[in-house]
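See below for the structure under consideration.
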Amino acid sequence: MTVLPPFHNFTTDTQMIEDTPPHYNARMQGHAKKTLGAVATAAKAAGVGCETVQVEREHPYQAIIDHSHVQPICAPVGVVGVALLVP
């Protein structure tokens, strides 16, 4: 999963400060496609099934929670709670 922050007109984020909304969105879409493509390629090479998801949210943790309601997130046996989200 890749979580892209939404564009803000007033920000100190260097990725947004010089962009227009269309340019920022296009650049971030390209970044997400490249990142998720690399993960999918590595998973395929390892013989592991992989579904890639790209969403836009202010906070990555909220995207993970929201997506878990759509599709359950698999975890190793015995791993529960916050341990699912912390590497």
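Summary of values
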quantity: Pair GLU18, GLN54: separation of 7 Å Cα→Cβ label points (nm); calculated: 2.2 nm
quantity: 5 angstrom amide H check on LEU4, placed H, neighbours 5+ away; calculated: VAL55, GLU56, ARG57
quantity: Sequence of THR14, THR35 once ranked by neighbouring C-beta atoms within 10 Å, starting from the fewest; calculated: THR14, THR35
quantity: Whole-Hz couplings from phi, Karplus 6.51/-1.76/1.60, listed for region 21-26; x for Gly and Pro; calculated: x, x, 5, 4, 4, 5
quantity: Pairwise FRET efficiency - HIS8 versus ALA46, Cβ, R0 = 41 Å, nearest 0.05; calculated: 0.65
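No value in this document is a laboratory result; all are computed from the given coordinates. Bear in mind that the values here come from a model prediction, so they are computed numbers and not experimental data. Here the Cβ is made from the backbone with ideal geometry for all residues, glycine too, and neighbour counts use every protein chain on show.
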